[in-house]
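Report on the structure given below.
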Amino acid sequence: MENLKSQLKAWLKNLGKLVLVGVGNPMLGDDGVGVMVVKALQRKGENSKLKLVEGGIAPENFTGKIVSEKPTHILMVDAAVFEGEPGSVRLFPIEQVSGLALSTHRLPLTFLAEYLQRSIPQVKIALLAVKPGKVGFGLKPSRKIVKMAERLAEAVFKAVEEA
């Protein structure tokens, strides 16, 4: 987690405003991790440097809200399949996302990112990916993923405060 904190801090260099977009379907177990992170951050409260968007399964529906915030940074949080144990977390620059198997949303996050980059030319976009354990209709999220969502919310909140 310390490595992730330092990566977030480095990525947030020159932060003006971060829009964090939580992606995923809470009805599919661990797939809802992005939404869990947003809800955990909502309990801490937004501020002038941090705006939250609960994108769910259709984050593209929130492009207007995201663009209107004029962020310097956009962090998408989603479940993704990559090497590692369930609950593993990685920060991917958006350019590296095309090969990842992502969750259940309608459009690939790369499409959304391309649109946002055209709309906000200097914005930095990254994916905070969490490897899911249990994904299936009607499943509850695993304890490991729920705890990780809380830890990620805390890490993001602190990184934004320190930026």
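The values are calculated or read from the model by the stated rules, or taken from the named source; none is laboratory data. Quick caveat: nothing in here was measured; it's all calculated off a predicted structure. Counting neighbours? That spans all protein chains shown, and the Cβs are built from the backbone with ideal geometry, glycine included.
When residue 23 is tested against (1) over 11 Å from the mean Cα position of the chain (by Cα); (2) buried (at least 23 other Cβ atoms within 10 Å of the Cβ), exactly one condition is not met: (1). Screening residue 43 with (1) surrounded by 14 or more Cβ atoms within 10 Å (Cβ to Cβ); (2) on the phi < 0 side of the Ramachandran plot gives one miss only, at (1). The set of residues from the stretch 132-153 being surrounded by 15 or more Cβ atoms within 10 Å (Cβ to Cβ) and farther than 25 Å from residue 9 by Cβ comprises 132, 133, 134, 135, 139, 141, 142. Among the residues making up the stretch 26-40, those that are modelled with pLDDT under 95 and surrounded by fewer than 21 Cβ atoms within 10 Å (Cβ to Cβ) are 26, 27, 28. Taking the stretch 42-56 as the range and being basic (Lys, Arg) and part of a loop (DSSP other than H, G, I, E, B) as the test, only 49 passes. Any chance the stretch 73-96 includes a residue that's in a helix (DSSP H, G or I) and in contact (Cβ under 8 Å) with a residue 40 or more places away in the chain? For the stretch 73-96, residues in a helix (DSSP H, G or I) and in contact (Cβ under 8 Å) with a residue 40 or more places away in the chain: absent.
When the stretch 1-41 is examined, which residues are found to be assigned to a helix (DSSP H, G or I), farther than 12 Å from residue 56 by Cα and not hydrophobic (A, V, I, L, M, F, W, C)? Correct list: 2, 3, 5, 6, 7, 9, 29, 30.
Taking the stated definitions as given, is residue 121 crowded, with 17+ Cβ neighbours inside 10 Å, more than 23 Å from residue 30 (Cβ to Cβ) and modelled with pLDDT of 90 or more? So residue 121 does not fit the description; no. Does any residue of the stretch 78-85 turn out to be surrounded by fewer than 16 Cβ atoms within 10 Å (Cβ to Cβ) and of a type in the set (Gly, Ala, Ser)? Yes, that holds for at least one residue.
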